[in-house]
Structures are given as C-alpha cells and as structure tokens.
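Trainee: Okay, here's the structure, questions in a sec.
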Amino acid sequence: MKTYNPNEFIAALKQHTNNRPIPPCPYCGGAEFTTTDSLASILIGKETNGIALGPFIPAGMVICQKCGHIEFFALGALGLVTNEDGNKNGEQK
Ligand SMILES: [Zn+2]
C-alpha cells in the first residue's frame with residue numbers, strides 16, 4: 001500500500017457517495033466533520049479471547065467535531081488500496 005493521503009480519501013468518498021453531503025451525526029446531530037492525517041487499521045480475526053496482530057481493514061475516518069463520533073470507511077471499497085503489484089484493491093490480474 002502506498003502512503004495514505006487524506007485528500008485522496010475525501011475525494012474518493014465524495015465520488016463513491018455521488019457527492020451527497022455527509023449526513024448529520026447520528027448521536028448529536030452535529031454537522032461539522034473532520035478527518036485525520038493517518039488511516040485506521042481495524043484488526044480482524046476469529047478469536048474472541050484476545051487481540052492478535054494480523055489481518056486488518058485499512059479505513060479512513062470521518063469524525064464529528066461536536067461529539068467525536070467516528071465513522072469508518074474501508075479504503076479498499078473506495079479504490080484506495082493497492083497491492084504490491086500495483087493492482088487496485090488487491091485484485092489479481
Ligand atoms: Zn456527533
């Protein structure tokens with residue numbers, strides 16, 4: 001994966017949501033949002049009794065500026081994950 005770029009994340013999010021505005025925060029009704037310079041790595045696994053470093057979902061974040069609620073968006077679904085061969089989303093050609 002290349003280095004995360006929050007501007008690319010926001011542009012891809014707008015493209016994939018047909019430029020719809022971000023809906024109000026479901027918790028506080030806030031309408032001001034921000035993002036971060038870094039992506040989130042959401043660890044995934046099948047064991048319920050511990051956390052292991054392993055597979056993860058790279059995700060961009062949209063954060064409510066009023067209450068801090070965080071929405072995650074999988075970067076792969078937005079076309080922003082590139083594997084070592086340069087293929088988008090890990091696709092094999
Ligand atoms: Zn909020």
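Trainee: Could you list 34, 3 so that the one with the fewest beta carbons within 10 Å of its beta carbon is first and the one with the most is last?
Mentor: Least crowded to most crowded, the residues run 3, 34.
Trainee: Another question, if that's okay. Counting other Cβ atoms within 10 Å, keep those with at most 15, restrict to DSSP loop, and tell me which chymotrypsin sites (Phe, Trp or Tyr not before Pro) in region 1-34 are left. Please list the in-between numbers first.
Mentor: Details: sites: 4, 9, 27, 33; in loops: 4, 27.
In loop regions of region 1-34 (DSSP not H, G, I, E or B), the sparsely surrounded chymotrypsin sites (Phe, Trp or Tyr not before Pro) are 27.
Trainee: Sort 66, 46 so the one with the fewest other Cβ atoms within 10 Å of its own Cβ comes first.
Mentor: With the fewest neighbours first, 66, 46 line up as 46, 66.
Trainee: Taking the Cα centre of the chain as origin, work out the dipole magnitude from +1 charges on Lys and Arg Cβ and -1 charges on Asp and Glu Cβ, in debye rounded to 20. Intermediate values should be presented prior to the final figure.
Mentor: Numbers: 7 positive and 8 negative charges, 42 e Å.
Roughly 200 debye, rounded to the nearest 20.
Trainee: Please work out how much length the chain gains when fully extended from residue 42 to residue 66, using 0.36 nm per residue of separation minus the C-alpha to C-alpha distance, in nm with one decimal.
Mentor: Gain in length upon complete extension: 6.3 nm.
Trainee: In addition: Rank the residues 13, 43 as a footprinting-exposure proxy: fewest other Cβ atoms within 10 Å of their Cβ go first.
Mentor: Going from least to most buried by this count: 43, 13.
Trainee: For the chain, what ratio Rg/Rh do Cα atoms give with a Kirkwood hydrodynamic radius? Let's see the in-between values first.
Mentor: Numbers: Rg = 14.9 Å, Rh = 14.7 Å.
Using only Cα positions, Rg/Rh for the chain is 1.02.
Bear in mind that the values in this text are calculations on the coordinates, not laboratory data. Remember, predicted model here, so these are calculated numbers, not experimental data. Note: ideal-geometry Cβ built from the backbone for every residue, glycine included; neighbour counts use all protein chains shown.
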